[in-house]
Structure formats: C-alpha cells, structure tokens
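Notes follow the structure.
Nothing in this text is a laboratory measurement; each read-out follows from the coordinates by a stated rule. Remember, predicted model here, so these are calculated numbers, not experimental data. Reconstructed Cβ throughout: ideal geometry from the backbone, glycine too, with neighbour counts over all protein chains shown.
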Protein chains: 2
Amino acid sequence: MTTVPHRIKQGAESTHLLAALGGEERGALLLALADALDDPEIMQPVLAANAVDMDRGEAAMETGDLSEASLARLRLAPSKLASLSAGLRTLAAQPEIVNTRVTHRELAPGLILEQRRHPLGVIGVVFEARPDALPQIVGLALKSGNAIVLKGGREAARTNAAMTAVIHHVLRASKVPVAAVTLLEDRAEFRELLAQDAAVDLLVARGSGAFVRMVEGATKIPVLGHAEGMCHIYLHEDANPEMAAALVVDAKTTYPAACNAVETLLWHTSAPQAIDATLAALHAQGVKLRGCDATMARHPEVRAATDDDWGAEYSDLVLAVRAVEDLDAALTHIRTYGSGHTEAIVAESAAVAEQFIRQVDAACIFHNASTRFSDGLRFGLGGEVGISTGKLHARGPVGVEGLMTTRWLLRGSGDLSADFDTKTRAFTHRDIC
Amino acid sequence: MTTVPHRIKQGAESTHLLAALGGEERGALLLALADALDDPEIMQPVLAANAVDMDRGEAAMETGDLSEASLARLRLAPSKLASLSAGLRTLAAQPEIVNTRVTHRELAPGLILEQRRHPLGVIGVVFEARPDALPQIVGLALKSGNAIVLKGGREAARTNAAMTAVIHHVLRASKVPVAAVTLLEDRAEFRELLAQDAAVDLLVARGSGAFVRMVEGATKIPVLGHAEGMCHIYLHEDANPEMAAALVVDAKTTYPAACNAVETLLWHTSAPQAIDATLAALHAQGVKLRGCDATMARHPEVRAATDDDWGAEYSDLVLAVRAVEDLDAALTHIRTYGSGHTEAIVAESAAVAEQFIRQVDAACIFHNASTRFSDGLRFGLGGEVGISTGKLHARGPVGVEGLMTTRWLLRGSGDLSADFDTKTRAFTHRDIC
C-alpha cells in the first residue's frame, strides 16, 4: 500500500486519460460497471463482506452504538444492487458532458471564443456508512471525467473495500488506470487527504452539520457540504386538505432520516380543515407531534414544542407544528429556521404560490409537491454526490454538472489587443448559434 | 454612520427589491448611472476628489511609496469616465439575466421542474486603488441583482467616496435603497466585513496572491480570488515569426501591470526565426529579457535567468525566455510554473494547437491570440469583477453570470414520492424546449 499523497498524485495523473475518453468509451465503462453489479458471481464477495459488516452493525445496535435507521442504510440488498446498476445504465445513456460547449462567440471576425465544460480533476468524497453511495459516486465521477478519492463510514468498511475491488477489476479492462478510483482505509488516511489541497480540487462532505463544519475547518480544499435539511411545508389558507395530508405524510414518513424529509409544518390559522386532516393522517402513521399553543388548542393530543423544536432536524418520525397568521409570518419563520435546502407550500392559489417562490431563498422551492423530490435521481441528474445548501458552484442536488469546471478557448490568427484599443478593429461580440 | 454589521444587514434587506426589479427598471437604473458619469456638473466633485488623491499619490511616488504604474491607475481621467459610461450602457442593453431559466424539465406528467438564475445576495469586493473599478463593479452588481459592499485601495479613498455619493444620488431616484451599495471607509471596517460570514455570500478579493491568501485565511466567507496571472506564450516550431513577434509584444507591452500580460516566453529549439524576430521586437520596445543558456547562446545580450525567473510575475517590462525541446517540454513547464490564468500557443498547425488546448488546464487557453484578450469586457461579458484562477463556481473573467446562483422550482398538484417508489407512476425526465 502506497502513501495517500502518492495515491492522490497517481489519481491526478489519470485525469488526462479520463478527460480524453470518447463518449462511447465512457459509456462502455459505465455499462461494464453495471454488468458487474448485475453479475451474482462477481457480487458474491461484496455481499459476503456486507454480511460481516451487518453482523458487526447488529452487535453495535444491541449495545446502542448504532441506530436502527443506520443499520438499514448499511445493508446492501440485491434489490439495491439492481437499482444501482439501473442508475449506471441511465448515466451511460445520457449525453456526453465532458468538453461540451457553454458559450460560442465571435469576438471579432476570425477571433472565436468558446467556453467548454472540463472535469475539475480530483474530487474527494467523504460519506456515511451507506455502501450503495459508493458505486453511484464512482459512476458520476467517471461520467464527469474526474478522478475520485473515497472515504466511507467505517461500519461499511468491508463492503466498500470489496466493492472497490470490483470497480478496479472493471477499470483494469479499460483505458482508465485503477488510480482513478482510490478508497481510503481509515481516519488517519482521511486526515492525510485533508492536507492535499494542492492536489484535490473539491471535497464533498456528507454527514451532519457538525461534521461538515469540522471538515471545513480542517482543510484548505474547497468543501461542498451536504448537510442539514431543515425543510418546511407551509399550508396556506386555501390548501386542499386531502392534498395537504397526503403530501405531509409522504414528506415525513417515506424516509424520515433523509435530508429532504419535512421537519416543521406551518399552517395558516384560517386553514383548520387542512391541519385537521394532516394531523389525523400523521397520527395514523405514528408520527409524534410537537406543537405551538394554537396547534395544541385545536389538537390537545399534541405535545408542547419548546424553542429547540423550531429548527430541529429530527431525522425521525417526529414533526414540529406551528400556526402562522399569514404568508409573511410563514416566510419569516422559514427565513429564521430554514437551512436553505427545500421549502414547500401547499396552496390552491397559483398567485400565492408564486409569491412564496419569489420570496424564499433556498436550493429547492416546491408548490404542491413533496419535499422528497429534492434528489439528483428524481430531478433527472443521473444521481447525486450530495445536496448542496451553499449558493456557490452548485446548489441543490449535485449531479455530473456540479463536478465540472469550464475552460475558455480563444482561437485567432495573430489577433492583437492593441488593435481594439486604437479602434483599428472593433469587437462584434456575436453569439454563434 | 452606523456600524458595518448594521449596514450589511440593511444591504441584505434590499436584496429582495433588487431581485424583484423588472428588466426595464434595471436597465433604466444602469442608464441613469451612465448619464450621471457623462454629466460634467455631477462629476465635478468626483474629479476634484481625484485631484486630491492624485496630489497625495504624487507625493507618495516621490518618497518611493507608490509606483508610477499605481499612480497611472489612480487617475480618473474624463476619458476613463466616458469608457465607464459606455460599459454601463452596454450592460443595460444586455438581456436581463435575473430569474432566467437554466433547466426546464417534466419529471412526470404535471410535475414540472425549473432551475432559474437568482442573485447570490450580498457580495463584498475588495479592490486595488483604481477608482474606475468602482462604477464597473456596481454596474455588474445591479445587473445581477446583488447588494454590494465595497472596499477600495486607500490611495483612492476620496475619489471612491465621491463616486459612491453620486451612485447613492442615482439610487435615491429609483426603487432601490441606497443600502444596496455600501462603501467601507478603512481597514477596521474591512475587518468587520470579514467577520460577517452569516450575511455576506461571496467575497471577491483583488490584489496580489499574498493579499488574496491573507483574506482567505481571515474569513469564513467564500473568497473568489483574483490573483496571480503567471501567463506563458509558447512558440511552436512552425510559428509564423512575424505573428509571434507581434503577439508577444502586444501581450507584454500594452499593459505590463495587468494580470493577463505574458511573463514567460517558451520557444521550440527548432523555431530560431520566430525567437529571433520576437526578441528583436521586444528589445526595440525596451523590454528587459532574462533567458536560459540556449536563449543566451543565440542572443548574447539576454541576461541569465535564475530559478526565480520561472514563475516570476514581473508586472513590468521584463520577460523570462526559455528554450524547450518540444511541445511536451512546454506543457511540463506550464504545468510547473503556470497559475492557471491564461496560456497561449503560437503555431501554424491546427492539430498541434488542439493538442496544446487539450492538455493545458487553465482558465483561458489561446491559439494565435494575445493573452491580453483575457478580460470580461473583451470576452463580451459586460465587464468583470475579477478573473478567477480557481476552478469552482466561476473560472476566468467573472461577469454577471459569476455573481448568480440558481434555485430549483418544482410545481405539482399533490405529487407524492411514494407513487414513484411503488412504480404507480414513472418519471419521464423530458426536457422542455
């Protein structure tokens, strides 16, 4: 095993080949990876490794060191493999993005400017103990022409190592060196990665807000943080009660640990039917409710919320509920407690919805749709390395496009800037269609 | 005068109005600003303030505290005002960018996703003592719907204050509060700005590499650094000697202090005519040359370069010159010493030029064109807040687009994620043209 800086250097040296792959070669590589995930014989050691990780995970759960939700994420069921291979096939079928044109402009006759998409280079991704994330991230990295350095949660260490061995096996049959995909073993190696700011172009950090802030504080590599999803749904006074109930149940219960699950429900005090229907449906699903005085006055079974409940990311079957006087009060609450992830309104009035959309500043703003749609696969991005709540570079679900930079290419025939300063020549700045 | 955090908070509160301006209102505001710059009566106090700054600047030059180039940058000649107002009129005429669509996709029938451009919010810009930068930056901020906090070089303090007064006067006649444009007075206020990471979305730092790194180390605000331009021109063996000479003279002498000026010339050892013609032309322009042994063997008048010359940003009429054996050696030199700003090749062979373009990773890569074209105005971006050598968010000249983020908007009619998990419904992911 060579040192981390050396492995990252080898990864950086492979970026040339990754960027230069043709669209067909890149597609073939992704399909070969999908074929491997579909092959029970090839997957056997991965599933065996996952069984060992699961055994240890169950023991950790019994001693209270691992939650049931974490254990569920740790399991690499054959159904997950099938969905991963389907994702890779979708990615393979999507148009090639490396070297595609963003801008094409004649600056002056014979002086042609292009802006083209280019891989960032080397990307680090640190992610939770969730082994299905690994092939998805590798697929996005290969599609975007980037070398990747991975560090997964330690509970999934054996599964990740076995999966990486499969990926390296697939790479060996291609033009791409195995150095393009590096798996770090432990925290010591991760700390070495954090020091490689000269060689690593972007670090995607997935985990809690505290974890992302820790990573940001410990490295000079730019960090794209996938962190808190403090999502709200606001029921306007004209909300359709049945729709409201179904949307909030979907947003809270289908995957409570997901960052796009709803955490606080706001309801207009003139929407009693909508809140009644919604709380009844949530209650039927076993969701625990923490409410303000006005909510409790109407629904005595709701427990009193404390100040800590507003802004709490429960990641569990718990929901905070607060009555608001009007749209403005809802917007103020969201501005105060939201994390800029996903905010939704349920309203029949399109004009009110547009007002909400105009005034909320978040990565994702939804009207009459579940917050759970905030997702790279669901948005049609071919997967995601994370969901960014920052405003720079990439915002919201980060797919292939978020892993790219651009280069400006200018082609002339001896063109001099002085000729334009002296007005011997003039810029046309004509976009070429 | 209120405190810096309070003024930034007021700026943040104005972002709503800035984002909501219609395209015509925004254009009218930029035109009003251009009219003010064209009005000698309105400009009189600005020019008077500049005369005082210039007096002090000249005194500083005499004591060796300010360079002649810096003094030239400090002068706000009426010709500069005319060019600034022309720039603002160009910006006003460009299509509205706020709220324009990046993506438009049907996720499933009736469930429509849009990605739209949105202002970042509050942008800080710290820039050198160059008062013409101020109205240009304000123009880009208004066009992109952002509030702006400015800190200019102290030598231009009086000019900047007078110019800001004019801008506030123009804003008072519009819907936009004057809080949208804040000028910081001194370093103490700048240090207060650095602490406002919760309120400021982006900090553009212009200046030396050391200054940019100091700013990056002193704030949690994301920094877009406009720093070193360590630009190379490589003369391939088939370079046209006349073209080579003209391009290198243009790239070195038209504005030696600019970041897009060439600093090192590489020449293929089989291109004797090209290097002879180029060095003769540079010599005639008074450019001092520092060369490698092979260069000195051919041109004994060239002084010997030391290791420090490779990678030196002279920002002056000095050029390092090095012979290379082939294209690969040129690429290796550029990879070692380049700053990722602008790299150019002079070659008759289009195939060789494409090989160069493919293998260089820099913001701007040029074939048979002067490095001096790396500029927001020349690229047709309507100006620039700086040139970014980083790969994230914006790369190369940063115009209006680099000051924007996006928001994902999803509109449905009660759509549930569970229906897609259970395959009751299927995603179509059809892009809407």
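Some values worked out for this structure:
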| item | result |
| --- | --- |
| Cα-only Debye scattering, segment A:181-256: base-10 log of I(q)/I(0) at q = 0.14, 0.16, 0.17, 0.24 Å⁻¹ | -0.62, -0.69, -0.73, -1.12 |
| Fewest-first sequence of B:58, A:313 by Cβ atoms within 10 Å of each Cβ | B:58, A:313 |
| Qualifying trypsin sites (Lys or Arg not before Pro) in segment B:357-433, DSSP loop, other Cβ atoms within 10 Å at most 10 | B:423 |
| Highest average packing first - A:320-330, A:359-369, Cβ atoms within 10 Å | A:359-369, A:320-330 |
| Amide H contacts of residue A:224 (H built 1.01 Å from N, under 5 Å, at least 5 apart or other chain) | A:203, A:204, A:205 |
| Other-chain or far-sequence residues with amide H under 5 Å of residue A:302's (modelled H) | none |
| Teacher prompt: residue B:284 distances to equivalent labels in other copies, 7 Å Cα→Cβ, nm | 8.9 |
| Relative compactness, segment A:296-433, computed as alpha-carbon Rg over 2.2 N^0.38 Å | 1.65 |
| Teacher prompt: residue A:301 distances to equivalent labels in other copies, 7 Å Cα→Cβ, nm | 9.5 |
| Residue A:242 paired with residue A:220, simple spin-label distance in nm, labels 7 Å along Cα-to-beta-carbon | 6.1 nm |
| Phi to ³J(HN,Hα) by Karplus 6.51 cos²θ - 1.76 cosθ + 1.60 over segment B:214-220, Hz, x for Gly, Pro | 4, 4, 4, x, 9, 8, 9 |
| Peptide B:387-394, shielding by other chains (average Cβ, 10 Å cutoff) | 5 |
| Ratio of Rg to Rh over chain A (Cα coordinates, Kirkwood Rh, two decimals) | 1.03 |
| Exposure proxy order (Cβ contacts within 10 Å, fewest to most) of B:259, A:292 | A:292, B:259 |
| Per-residue HN-Hα couplings for segment B:203-209 [Karplus 6.51, -1.76, 1.60; θ = phi - 60°; Hz; x = Gly/Pro] | 10, 8, 10, 10, x, 6, x |
| Distant-in-sequence amide H partners of residue A:321 (H built 1.01 Å from N, under 5 Å) | A:265, A:290, A:291, A:292 |
| Teacher prompt: residue A:24 distances to equivalent labels in other copies, 7 Å Cα→Cβ, nm | 5.4 |
| Shape box of segment B:149-296 [Cα atoms, principal axes, largest first, Å] | 61, 34, 26 |
| Per-pair calculated FRET efficiency, R0 = 60 Å: residue A:358 and residue B:303 via Cβ, rounded to 0.05 | 0.45 |
| Convex hull per residue volume in Å³, alpha carbons only, for the protein assembly as shown | 170 Å³ |
| Shielding score for A:417-424, defined as the mean number of other chain Cβ atoms within 10 Å | 4 |
| Residue and distance (whole Å) for the chain B Cβ nearest the axis that superposes B on A | B:393, 2 |
| Semi-axes of the equivalent ellipsoid for segment B:231-373, Cα gyration tensor, largest first, Å | 19, 17, 15 |
| Peptide ranges A:97-104, B:62-69 listed from the most packed, as the mean C-beta count within 10 angstrom indicates | A:97-104, B:62-69 |
| For residues of B:375-384, the mean tally of beta carbons on other chains within 10 Å | 4 |
| In order through segment B:171-179: 3J(HN,Hα) via Karplus (6.51 cos²θ - 1.76 cosθ + 1.60), integer Hz, x for Gly, Pro | 5, 4, 8, 10, 7, 8, x, 4, 4 |
| Estimated FRET transfer efficiency when R0 is 56 angstrom, pair residue B:273-residue B:102 (beta carbons, to 0.05) | 0.70 |
| Above-threshold pairs, the threshold being 26 Å between Cα atoms, out of A:423/B:391; A:391/B:151; A:151/A:220; A:9/A:143; A:80/A:143 | A:423/B:391 |
| Ranked list, fewest to most other Cβ atoms within 10 Å of each Cβ, for A:176, A:248 | A:176, A:248 |
| Gain in span if fully extended, residue A:191 to residue A:161, counting 0.36 nm per residue against the direct Cα distance | 8.9 nm |
| Directionally averaged projected area (convex hull, Cα atoms, segment A:1-154), nm² | 12.1 nm² |
| Taking segment B:231-373 and dividing mean pair separation by its residue count, relative contact order in percent (alpha carbons under 8 Å, at least six apart) | 33 percent |
